[in-house]
């Protein structure tokens, strides 16, 4: 059985299998709007390969982290632009 | 050697099929070899996350060979800048280091081309390849209504995969006309890797996914997320489909930023290389998609040729020239077969966003003469993606050229620029 | 149809555009030419800092006057000019610099500019990400920032509304002594007066113009709204930037309206290449990290270089040139071209139409520079 880890998404706790890509974890948690654009539009993942930055979220206080390139870590605190 | 300095005879940028093959080939010499990869995983986009179940046999084979070879792998490492010939600044999540090389192989792959159309910025509108990657990583698809639209064999592959993972694929819309496709289909068998195509069509039919030719997306609907898409055909008829997700494929474009930064000649949107995969710049080689988008077979062969060439194993490289030619022929036909129709260039309305990082609309760009003035007056291309999406889009929409890349190649931390050493060790 | 112009302005950087605006508003028939797009050279590469500076009384007079003109114009500026009155905060790192603050505050105040001494506590309240070791600062609250290419475009649009003609993508090959320009295609256009506002390109068109490019590096980050609140400059800059012979770096950061942060600055002579000098860039970033340690973690999206048109005495050249009374200059603003563009435009127009300028013009007259003293140190 694979190991699980727990992270926080917008203050809510989320448990996922180890090795889960953060963007996928966020989608599982029901997030569709990962960030708001410069003019305030809702945006979510587009390219899935780290090119477009549309899946950017705040991780442990660091802005603009690409969730499609990030693996979930135990205790990670993630915020999306709600 | 300090923590901030590493030196290898051969440095390969990218651990996709081309980079892995190059590493395997180069490792058959006495030279030291390093592979740097920006992702936490190897395999590139095609063989990402090499868990046995999901990766095709070729991928498992090359992963095994790569793992067994002596090349030193550094993941989550992106090239920030080229400091001097033979000297790259590389950043990892924890730090930055100076990477010195005698010879460099760029195996940096390709990205999807996106065509702006009204609503394409809505969440749940994806690149088809992007959706495929997210699906492989476990993106929730069970029961989701999905439309896949655009052009090329990727549509079929994606449609079939999403279907397997529980999605309800409502339609695969291929913009190319049936007439054109038939001609393409008839041409292919002469070329070799063609069976793929028939297999894909066959598979999609077996899975009961409707494959419609001569249709393309003209508008995505929704407010904060996708709710539906309007497709159109050449006779003007439109078709509205209610759906949860849309995957769009408009072809792939090579990643040229590193090649541009290093000063390599670019011809017709690809890095110019000689028969040894050597670019116009001394010490610098290139393999796979940047020399011409051609998929896995081509990437593997070019990667090996480059790997042999940089380690002075010319005979082994020469033995692969024939197979490489076949993949080049295949690429040419593929590109002709799925050329984008002109209607796709006229889908934007004045308020359609073209540059997604800076929210620059088509109306704003209408006042600009070229990419340079667009950057200057509207910030088009000045966001974190550094113009990767909108430069291709504006090239297709307006014929604008992007001629140079300003460093860094990918965004890097201020601190990493402090860490760069300027004196060669 | 033949058109005769009162003034042909060579160079559509912000200085040329401001001159075009003021001249056409004063009723002159203006043609403005540029080989590239509007604001495509030094203007496009610069920070866009509307700063008052007191290196000399003449500099203070010009920058103070110019800032007043910007503040008067502020309400009319469209949003894409991104004009923000964020103020300049001069940061003191040691006792010597803190002493300088005390001297400078009275200099600014006597010139009629608001200025406020910040003690350490207030400094760190104003800029929480500054290194706690910083001792204090001088706040010039009315200074501002803007996005230079769009400011240039706004000014040239205003000029056009008064009848000025703009031709971009037109190279000027030669400026004739008798009031004509020869274009890249060999044709020539005449006017009563030619104003050379070609920035670093000015010396190639008019002899005896002691302008040399002074290279600078800039870095821009991703968006971090609120991380930096004022344009901040180290007071150590006064020591380093005075040198006209050696390369120097200084802590100089700017909050953009977009939340991006511009990080500078460097000064170099004798390097005309467009390539980045990584040693200098590294020093520049180290300086930024020293003043704002947390800036090190922010993400850089672009680095680039630009060239400031510098004169030996750090004052611009505004007025008739040495070669002919039909050939005038508006160049040599070094790093203050954006800041002082409006004042330059106003002074040029005043001189041409015979209005009394609001500040003395002699300090900026090209006549001060004879061939003997054009040598840069």
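A few remarks follow.
- Cβ-Cβ FRET estimate between residue A:18 and residue B:321, R0 fixed at 25 Å, reported to 0.05: 0.05
- Relative contact order %, chain C, counting alpha carbon pairs below 8 Å whose residues are six or more apart: 24 percent
- On Cα atoms only, tilt of B:295-310 relative to the major axis of chain B in degrees: 10 degrees
- Descending principal axes extents, the range A:4-79, alpha-carbon based, whole Å: 36, 24, 22
- When only alpha carbons are used to place a centre, the range B:310-373 and the range C:174-228 end up 37 Å from one another.
- Fewest-first ranking of A:47, B:390, using other Cβ atoms within 10 Å as the exposure measure: A:47, B:390
- Estimated FRET transfer efficiency (residue C:313, residue C:359; beta-carbon r; R0 22 Å; 0.05): 0.80
- Where labels lie 7 Å past Cα in the beta-carbon direction, separation of residue C:274 and residue B:235 in nm: 5.2 nm
- Fully extended contour minus Cα-Cα distance, from residue C:180 to residue C:116, at 0.36 nm per residue: 18.1 nm
- With eigenvalues of the C-alpha gyration tensor scaled by 5 and rooted, the protein assembly as shown, Å: 51, 30, 28
- Gyration tensor verdict on the range B:348-398 (Cα atoms; rounded if a/c is under 1.5, prolate if a/b is larger than b/c, oblate otherwise): rounded
- Each of residue B:212 and residue C:351 was given a label point 7 Å from its Cα along the Cα-to-Cβ line. The distance between the two points is 7.0 nm.
- Extension gain, residue B:5-residue B:341: 0.36 nm per intervening residue step, less the Cα-Cα distance, totals 116.0 nm.
- One chain, two ends: residue B:142 and residue B:95. Fully extended at 0.36 nm per residue, the span grows by 13.0 nm beyond their Cα-Cα distance.
- Shielding by partners, peptide B:405-411 (average Cβ within 10 angstrom, other chains): 5
- Look at where the Cα atoms of the range B:121-186 and of the range C:24-46 average out, and the two centres are 50 Å apart.
- Rounded to the nearest 10 degrees, the inclination of helix C:337-353 to the longest alpha-carbon principal axis of chain C is 30 degrees.
- Inter-label distance, nm, simple model (7 Å from Cα along the C-beta direction), residue B:276/residue A:4: 5.7 nm
- Stokes-Einstein diffusion of chain B at 4 °C, 1.567 mPa s viscosity, Kirkwood radius from Cα pairs, rounded to a whole number: 58 µm²/s.
- Residue C:204-residue B:395 FRET efficiency (beta carbon distance; Förster radius 35 Å; 0.05 resolution): 0.55
- Residues considered: C:161, C:24, C:265. Largest GNM mean-square fluctuation over chain C, using C-alpha springs under 10 Å, is found at C:161.
- Candidates C:259, C:186, C:136, ranked by Gaussian network fluctuation over chain C, Cα under 10 Å, top entry: C:186
- Cα gyration tensor shape for the range C:82-164, rounded if a/c is under 1.5, else prolate or oblate: prolate
- In percent, rounded to a whole number, the relative contact order of the range A:4-79 is 39, using alpha-carbon pairs under 8 Å and six or more apart.
- Chain C: radius of gyration over Cα atoms, expressed as a fraction of 2.2 N^0.38 Å: 0.97
- Taken over the Cα atoms of the range C:1-147, the convex hull encloses 151 Å³ per residue.
- Most mobile listed residue (C:140, C:361, C:194) in chain C, GNM with C-alpha springs under 10 Å: C:361
- Across the range B:348-398, C-alpha contacts under 8 Å between residues 6 or more apart give a mean separation that, scaled by the residue count, equals a relative contact order of 32 percent.
- Look at B:352, A:20 and count the other Cβ atoms within 10 Å of each Cβ; fewest to most, that gives B:352, A:20.
- The mean number of partner chain beta-carbon atoms within 10 angstrom of a residue's beta-carbon across peptide C:265-276 is 1.
- Degrees between helix C:14-25 axis and first principal axis of chain C (Cα, 0 to 90, nearest 10): 50 degrees
Each reported figure results from applying straightforward, stated rules to the coordinates on display, with no laboratory input. The structure displayed is predicted, hence computed values, not measured ones. When we count neighbours, we look across all protein chains shown, and the Cβ atoms used for this are built from the backbone with ideal geometry, even at glycine.
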